[in-house]
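A short write-up of the structure that comes next.
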Amino acid sequence: MKIGFIGLGNMGAAMARNLLKAGHEVSVFNRTPARAAPLIEAGAVAASSVADACRGEAVVTMLADDPALEAVTGGEGGILAHLPKGALHVSSSTVSVALSERLTAAHAAAGQLYVAAPVFGRPPAAVAGELVVVAAGAPEAVAKAQPIFDAVGRQTFVFADEPSKANLVKLSGNFLITTVIEALGETLALVGKGGLDKRQYLDFLTSTLFGAPVYRNYGDLIIDTSPRPVGFPAPLGLKDVRLALAAAEELRVPLPLANLVRDRFLTLLANGGEGLDWSAIGRLPAKDAGETF
């Protein structure tokens, strides 16, 4: 396929590279052109603008938030104005349900196909092509997007014909991850202050009752304070919890724990955590208990 890719952060760059490895013709665009250089060296074509990235069969966006996605979709230079009729927009960004609904209507009016396909997995999984893709859209659009999903992920789950349903799945999943991080942080603070070895305790948990990768990976991030690359910045964690709360309010679904983890993110950011991984909220319970890092 001839694919445009817009948004070359840690996740987007890895996804675009895997599309290249799968044999697709990929043009790349990023607001900071330097981010595109390694991909161009690997065989990607440099797109000079959003419009230039919309000349193929599909365009994939992997952007930070609603304003970033709206900036590249709308206006005279945006995706809606330049993507050919019948071509496909795959949005892998974690954005609001409301924006996904607006984009669905706008693409339909323009005669274009639209699929929401956010992904689960941290940057190492993106590099390895091991992401889990959550997709929703018209069956013919999802079928057209499947080669893209196959290149970037290990498994694809198709939930509905309405693209916004995939965004709801992504937001609910990220919300659940934040509650796991908070619960792990509280539990590790408790056993640590009680004199137990946190690493031994985590090994016990993850080899018996809680063997899922989310417990192993985030437990390790909470315990090991050595410097490492930020996989998912804390401000984006706050953004996702807020979007989950907005969706819940629209559906009249109380989410008491979402309010709690939102406040944990606010505490982290208020204390200089802007540049930390979102897993850093899991260290707040130990700090509250008097432990220093």
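The criterion of being among the small types (Gly, Ala, Ser), in a strand (DSSP E or B), buried (at least 17 other Cβ atoms within 10 Å of the Cβ) and not assigned by TED's automatic domain parsing to the domain that holds ASP277 does not hold for ALA145.
In region 14-56, how many are of a type in the set (D, E, K, R) and over 16 Å from VAL152 (Cβ atoms)?
First, the residues of region 14-56 that are of a type in the set (D, E, K, R): 17, 21, 25, 31, 35, 41, 52, 55.
From what is left, the residues that are over 16 Å from VAL152 (Cβ atoms) are 31, 35, 41, 52, 55.
Result for region 14-56: 5.
Selection within region 6-53: residues that are of a type in the set (Lys, Arg) and more than 16 Å from ALA151 (Cβ to Cβ). The member of this set that is surrounded by the fewest Cβ atoms within 10 Å (Cβ to Cβ) is ARG31. When you look at ASP161, is it surrounded by fewer than 22 Cβ atoms within 10 Å (Cβ to Cβ), under 17 Å from ILE222 (Cα atoms) and of a type in the set (D, E, K, R), yes or no? Taking the combined requirement at face value, the residue does not satisfy it.
If you check ALA108, ALA98, ALA71, ALA128, which single one turns out to be of a type outside the set (Ser, Thr, Tyr), in contact (Cβ under 8 Å) with a residue 12 or more places away in the chain, surrounded by fewer than 18 Cβ atoms within 10 Å (Cβ to Cβ) and not assigned by TED's automatic domain parsing to the domain that holds ILE177? Unique residue meeting the criteria: ALA98. When ARG283 is tested against the conditions (1) among the basic types (Lys, Arg); (2) in contact with a helix residue (DSSP H, G or I) (Cβ under 8 Å, 6 or more places away or on another chain); (3) under 17 Å from LEU176 (Cβ atoms), the lone failure is (3).
Pick from ALA247, ALA258: which is buried (at least 18 other Cβ atoms within 10 Å of the Cβ), farther than 14 Å from ILE181 by Cα and touching a residue at least 12 places away in the same chain (Cβ under 8 Å)?
Values: ALA258 fails: farther than 14 Å from ILE181 by Cα.
None of the others qualify; the one that does is ALA247.
Go through region 15-48 and give me each residue that's part of a helix (DSSP H, G or I) and within 20 Å of the chain's Cα centre (by Cα). Listed by number, the residues that qualify are MET15, ALA16, ARG17, ASN18, LEU19, ARG35, ALA36.
Answer yes or no: is there a residue in region 61-79 that is farther than 23 Å from ASN10 by Cβ, part of a loop (DSSP other than H, G, I, E, B) and in contact with a Pro (Cβ under 6 Å, 6 or more places away or on another chain).
No, there is no match, as no residue in region 61-79 is farther than 23 Å from ASN10 by Cβ, part of a loop (DSSP other than H, G, I, E, B) and in contact with a Pro (Cβ under 6 Å, 6 or more places away or on another chain).
The values are calculated or read from the model by the stated rules, or taken from the named source; none is laboratory data. Keep in mind that this is a model prediction, so the values were computed, not measured. FYI the Cβ positions are ideal-geometry reconstructions off the backbone, even for glycines, and counts take in every protein chain you see.
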